[in-house]
Amino acid sequence: MANKKFDGLIEAVRYGLDGKIELVRAYERRGATFSDVILINRANLVTRLKSGQKFITGTRKEFLGSTFETAKMVRLNGDVITTGSDATRDQLEEVPSI
């Protein structure tokens with residue numbers, strides 16, 4: 001997934017008691033580089049995904065600025081935010097909780 005274009009990378013997630021995503025810690029593409037860490041709430045993330053922005057999961061490589069280890073594409077299936085294809089609840093696989 002090295003050459004795929006994406007608008008943001010999700011590094012960590014916080015789930016609420018109801019199992020839905022409350023908050024994600026992410027980096028946002030700003031031209032040729034990326035922002036510092038930003039926090040995105042569920043409503044804002046859903047709006048961004050509906051508008052066509054592409055988010056992936058992964059981690060930032062230490063000491064390498066805007067270089068990331070990428071993992072899976074984040075999808076919006078109805079009201080469910082997931083990295084899987086047939087999820088019935090919010091689930092970002094292999095993303096640590098905050």
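The values are calculated or read from the model by the stated rules, or taken from the named source; none is laboratory data. Small disclaimer: the values here were computed from a predicted structure and weren't measured. Positions of Cβ are generated from backbone atoms using ideal geometry, with glycine treated the same way; all protein chains shown enter the neighbour counts.
Assorted remarks:
- In the stretch 33-66, the residues that are farther than 21 Å from Ile98 by Cα and free of Cβ contacts under 8 Å to residues at least 24 places away in the same chain: Thr47, Ser51, Gly52, Phe63, Leu64
- Top-ranked residue of the stretch 1-40 - restricted to ones that are among the polar types (S, T, N, Q) and outside any strand (DSSP E or B), ranked as surrounded by the fewest Cβ atoms within 10 Å (Cβ to Cβ): Asn3
- Candidates Asp18, Asp79, filtered to the one that is at pLDDT 95 or above and either of a type outside the set (Asp, Glu) or on the phi < 0 side of the Ramachandran plot (or both): Asp18
- Filter result for Glu69 (without any contact (Cβ under 8 Å) to a residue 60 or more places away in the chain, in a loop (DSSP other than H, G, I, E, B) and touching a Ser or Thr at 6+ places or on another chain (Cβ under 7 Å)): no
- Scanning the stretch 51-98 for residues that are hydroxyl-bearing (Ser, Thr, Tyr) and under 17 Å from Gly16 (Cα atoms), we see that the one that is surrounded by the fewest Cβ atoms within 10 Å (Cβ to Cβ) is Ser97.
- Of the listed requirements (1) at pLDDT 95 or above; (2) of a type outside the set (Phe, Trp, Tyr); (3) within 13 Å of the chain's Cα centre (by Cα), Glu93 misses just one: (1).
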